[in-house]
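S.K.: Dumping the structure here so I can ask a few things about it.
Throughout, read-outs are computed from the coordinates displayed, never taken from laboratory work. Fair warning: this is a prediction, and the values are worked out from it, not measured in the lab. For neighbour counting, all protein chains shown are included, and Cβ atoms are generated from backbone atoms with ideal geometry for every residue, glycine included.
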Amino acid sequence: MTASTAVFDRSVPRMEELATNSQFSGVVPISYATVALISALRRVEELMRLPDNWDSYGSPHIETAAAQRILQVLLAAQSEYSPAPQIVPVSGGGMQIEWAVGNCELEVEALPDGSVEFLFVEGDRTLEMPLPATQIELFIPTLMSQLCGTEAYAASLR
Amino acid sequence: MPPRSDDRVSIRDEEDLWRRVFPDRGCFVPTGSGTWRPSSAIFLDRRTREVSVHISSLTTVEAVLASFPDHSLVAIKAAVPRALGYAVTPDPIHDDPVLPDDASHALICPPPSAGINKIKAHAREMALKATWVVLRDPPY
């Protein structure tokens, strides 16, 4: 049993990590978190420590609203079949998650005000749209299934 | 803020525009062939929507990286953002409270008509067409 499959085995004690960073408005309990998710959460915390002017062009630090939204996206995207995300700071105070599988890419960006936009790329085709916060739990798994291959992703959610 | 005007006289299409790349592993995207490209996030700025660059003919690599020895540096031709409808305009910095004086500073500005539904695709296109001037080895 691999570490990632172990988290779906109910005989294995739950992995829980509490986000206690005071910059967040609450505790984020994570049950059955994959190793990749825990790593991603630590990465978000790391980027939250960037100071003003981190990009050398006068950007403010990463806004808490953006980080909270990125956490929401990461939780919605969590699956055994999800590729490891690349998490990038964005000038202006936002943050972006990037996934790539074959000729498909998904970029989900949390803007400084907490709004979300995504870009899905498949070969030469692109789809770019805002994503309302209330729709994240609905649309992110759909986008991930498109990215990873529907059958493999759906199997991971069963 | 009124839209910035494109300045094709001061900045020719063939001009290389340089942008520093923050030394963070997320900013470097592996291409699968052992090389790296800059993340599309390098060509986004959500504060003003205008992306700072340096007009290469007015400066040097050493000057642009003087205070940022760990940063990498990418270049795109001015024609690239212009082909996407962006304006490229000089924006020399003098007496800024945060940024050092820089006569080579310029801005890549989205057209006012550009909706939010193309900004990310455009940033990705610029990143795909960027070339490394200085790539710290290994980046991360």
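S.K.: How do B:Ser56, B:Ser5, A:Ser79 rank when sorted from fewest to most other Cβ atoms within 10 Å of their own Cβ?
M.R.: Numbers: B:Ser56 18, B:Ser5 10, A:Ser79 21.
The fewest-first ordering by Cβ neighbours comes to B:Ser5, B:Ser56, A:Ser79.
S.K.: Could you work out, residue by residue across A:84-93, how many beta carbons of other chains sit within 10 Å of that residue's beta carbon, and then give the average as an integer? Intermediate values should be presented prior to the final figure.
M.R.: Details: counts 0, 1, 8, 4, 13, 6, 10, 11, 6, 3.
Shielding by partners across A:84-93 averages 6.
S.K.: Defining a contact as two alpha carbons under 8 Å apart and six or more residues distant in sequence, what relative contact order in percent does chain B show?
M.R.: On the way: 248 pairs, mean separation 48.7, N = 140.
35 percent.
S.K.: Can you give the direction-averaged projected area of the convex hull of the alpha-carbon atoms in the range B:69-127, in nm²?
M.R.: Details: hull surface 21.5 nm².
About 5.4 nm², averaged over all directions.
S.K.: Counting other C-beta atoms within 10 Å, which of B:Ser104, B:Ser10 has the fewest, and how do the rest follow? Don't skip to the end; give the middle numbers.
M.R.: Working: B:Ser104 20, B:Ser10 14.
Taking fewest neighbouring Cβ atoms as first place, the list is B:Ser10, B:Ser104.
S.K.: For B:Asp137 paired with A:Thr64, estimate the spin-label separation in nm (one decimal), with each label point 7 Å from Cα along the Cα-to-Cβ line.
M.R.: Between B:Asp137 and A:Thr64, the label points sit 4.5 nm apart.
S.K.: Rounded if a/c is under 1.5, else prolate if a/b beats b/c, else oblate: with a ≥ b ≥ c from the C-alpha gyration tensor eigenvalues square-rooted, which is the range A:63-104? If you can, show how the numbers build up before the last one.
M.R.: Values: a/c = 3.69, a/b = 1.54, b/c = 2.40.
Here the range A:63-104 falls in the oblate category.
S.K.: Rounded to the nearest 500, what is the 222 nm mean residue ellipticity of chain B from helices alone, with -39500 (n - 2.57) per DSSP H run of 4+ residues and division by all residues?
M.R.: Details: 3 runs with 21 residues, N = 140.
Result for chain B: -3500 deg cm²/dmol, rounded to the nearest 500.
S.K.: In whole Å, how far is the Cα centre of the range B:1-79 from that of the range A:35-87?
M.R.: About 23 Å separates the Cα centre of the range B:1-79 from the one of the range A:35-87.
S.K.: Related question: Count, for each residue of B:11-21, the Cβ atoms from other chains sitting within 10 Å of its Cβ, then give me the mean as a whole number. The partial results should precede the final answer.
M.R.: Numbers: counts 0, 0, 0, 0, 0, 0, 0, 0, 3, 3, 2.
Mean inter-chain Cβ contacts per residue within 10 Å come to 1.
S.K.: With a 10 Å Cβ neighbour count serving as the proxy for reagent exposure, in which order, fewest first, do A:Glu128, B:Glu14, A:Glu80 appear? Could you put the intermediate results ahead of the total?
M.R.: Working: A:Glu128 19, B:Glu14 9, A:Glu80 16.
Lowest to highest Cβ neighbour count: B:Glu14, A:Glu80, A:Glu128.
S.K.: Would you tell me the mean number of C-beta atoms belonging to other protein chains that fall within 10 Å of each C-beta in A:143-149, as a whole number?
M.R.: Details: counts 0, 0, 0, 0, 0, 0, 0.
Whole-number average of other-chain Cβ neighbours for A:143-149 is 0.
S.K.: Can you tell me the equivalent ellipsoid semi-axes for the range B:1-128? Use √(5λ) from the Cα gyration tensor, largest first, whole Å. All intermediate terms of the calculation are to be shown ahead of the outcome.
M.R.: Numbers: eigenvalues 90, 79, 39 Å².
Output for the range B:1-128: semi-axes of 21, 20, 14 Å.
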